[in-house]
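The values are calculated or read from the model by the stated rules, or taken from the named source; none is laboratory data. As the structure is a computational prediction, the values presented were derived from the model and not from experiment. Quick reminder, even Gly has a Cβ in these numbers, built from the backbone with ideal geometry, and neighbours come from all protein chains shown. What goes into the accessible areas is simple: the full protein's heavy atoms, side chains included, and nothing from ligands, DNA or RNA. Shrake-Rupley method; radii C 1.70, N 1.55, O 1.52, S 1.80 Å.
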Amino acid sequence: MSAVPAGRSLIDVDTLNASDVETIFDQASRHLDAADELSSQPLRGRNVALLFAEPSTRTRLSFEIAARGLGAETYVIEPGASSMVKGETLVDTTRNLAALGFDMLVLRHHRAGAAAVAARHFSGSVVNAGDGWHAHPTQALLDLFTLRRALGGAHGMRGRKVVIVGDVRHSRVAKSNAWTLAGAGADVWLVGPRPWLRGVENLPATLTSDLEAGLTGAAAVMGLRVQRERMGGSSLSIDEYAEHFQITERRLARAAPDAYFMHPGPINEGIEVTREVARGPRSLVLEQVRNGVPVRMAVLALLGGPLTAPQPRDMSMAGR
Ligand code: CP
C-alpha cells in the first residue's frame, strides 16, 4: 500500500512505490520552482513536533523550514531538556505528544526501528528523520531528486552508474539510497572496506572493496561520513581509510567525464573526500541541502493532507 496518503507514516523508502516517488517529486518541484505561489499553507492549524534524539543540522532545520512554510506550528523538543533524561521511554514520550494534540512527529533517534515503534503509539503521522543504522528516507528522496535534476530527469537515471563509497554498514543514508536509486533504474554500487560492507548483502547493488572498479564510468559518486561514533571495535583506522578510499580528483578521473560528487553531510573533509572535490564545480552537496526543504515540504504536505474542521482529537488511543 502507498505510504503517501494522509495520516500514514514514512518509516523507510521501501513503502513507497514508483508512483509515490513521482507524486512527492512533482510536489517538491512545485515548491522549488514556484514557492511564492504555493501560499495555501496546507498544514495551517497543524502542530508538528520535531524530536531529535541525535544531533542534526540539515535535517532538523529543513524539516522546520518546510513545516513552517506549509503553515504548521513547529515545536522542537530537546531530549536533554525533556523528561527523557528522567528515564521516560520513547513510547511514553510519543503517547504524551499524541495526548498533547500533535498531528505529526518528525523523529531522529539513535536506535534502528525507533520511528516504527513511535508510529505504533502516535495518532498522527511519524516521519523518520534517521533511525540508527536503519533508514533515512527523506535524505534518499532528496538525493534522488537532486541527482535526477542534474542528470536531466527520470530518463537520465536509467542505467547510469551511481557509486556510494564508505561506511556503508553503519549508514542509514546508503541503505535508503540504494533502494531509491535502484528503483529509479540506476546501476548502484556500494564500495568500502570489507568490514563496512557486511550486513548489507540484501541491498540492490554491486558490493566491492575495489574503489577503482567502483568509480570506473560512474555518473555520480556519493561519499559517506565515516561514523566514528558507530565504529565500535573496528580494526580500520581513519588514516588507513583515507589512504585507500578518500575521493580525490585523481581517483574521480576514473568516473565518467563530468561525474557529480554528492554527500549527505556532515562531511569530514580530508577523510572521506578532499576539499577540492567536496567544494568543486561538480559537487552537488549544497544543492542536496537546498533540495531538502522542497522535498520535505512535499512529504509533510502529502502525509498531513487537507485539514477537515473540526479536527477530532482521539485521546483514548483506541485503534492503535
Ligand atoms: N544528512 C543529514 O542527515 O545531516 P544532519 O545530520 O545534519 O541532519
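Modelled label-to-label distance, residue 110 and residue 73, 7 Å Cα→beta-carbon offset: nm?
It is 3.2 nm.
Amide H to amide H under 5 Å from residue 206: which residues, 5+ apart in sequence or cross-chain, H placed 1.01 Å off N in plane?
Residues meeting the amide H criterion: 188, 189, 190.
Once fully extended, how much extra length lies between residue 209 and residue 182, figured as 0.36 nm per residue of separation less the alpha-carbon to alpha-carbon distance?
Details: separation 27, 0.36 × 27 = 9.72 nm, distance 1.97 nm.
Result: 7.8 nm gained on full extension.
For region 152-206, list log₁₀ I(q)/I(0) at each q in 0.23 Å⁻¹, using the Debye formula over Cα point scatterers of equal strength and ignoring solvent, two decimals each.
Ignoring solvent entirely, the Cα scatterers give -0.80.
Run the dipole for region 137-285 about the Cα centre, Lys and Arg Cβ at +1, Asp and Glu Cβ at -1, nothing else charged, and hand back the magnitude in debye, nearest 20.
Details: 19 positive and 15 negative charges, 89 e Å.
Magnitude of the dipole: close to 420 debye.
Leaving out ligands, DNA and RNA, and with a 1.4 Å probe, what % of the accessible surface on the chain is carbon or sulfur?
51 percent
At a threshold of 8 angstrom on Cα-Cα distance, excluding pairs fewer than six apart, so keeping six or more, what relative contact order does region 137-285 reach in percent? The partial results should precede the final answer.
On the way: 282 pairs, mean separation 33.5, N = 149.
Computed over region 137-285, the figure is 22 percent.
Would you mind working out the magnitude of the charge dipole of the chain relative to its Cα centre, with +1 at each Lys and Arg C-beta and -1 at each Asp and Glu C-beta, to the nearest 20 Debye? Can you show the working numbers first?
Details: 35 positive and 33 negative charges, 52 e Å.
With Lys and Arg at +1 and Asp and Glu at -1, about 240 debye.
With label points built 7 Å along Cα→Cβ from the Cα atoms of residue 155 and residue 276, find their separation and express it in nm.
3.6 nm
Between residue 92 and residue 243, what is the label-point separation in nm under the 7 Å Cα-to-beta-carbon projection?
Distance between label points: 5.0 nm.
Taking the convex hull of the Cα atoms, report for region 67-172 its projected area averaged over all directions, in nm².
Values: hull surface 36.0 nm².
The directionally averaged projection comes out at 9.0 nm².
Label region 161-291 by shape, choosing from rounded, prolate and oblate, from the square roots a ≥ b ≥ c of the eigenvalues of the Cα gyration tensor; if a/c is under 1.5 it is rounded, and otherwise prolate applies when a/b is larger than b/c, oblate when it is not. Intermediate results must be reported in sequence, preceding the final value.
Values: a/c = 1.35, a/b = 1.11, b/c = 1.22.
Note, shape of region 161-291 comes out rounded.
Could you give the accessible area per residue of the chain, probe 1.4 Å, as a whole number in Å²?
Values: 13910 Å² over 320 residues.
Using a 1.4 Å probe on heavy atoms only, each residue of the chain averages 43 Å².
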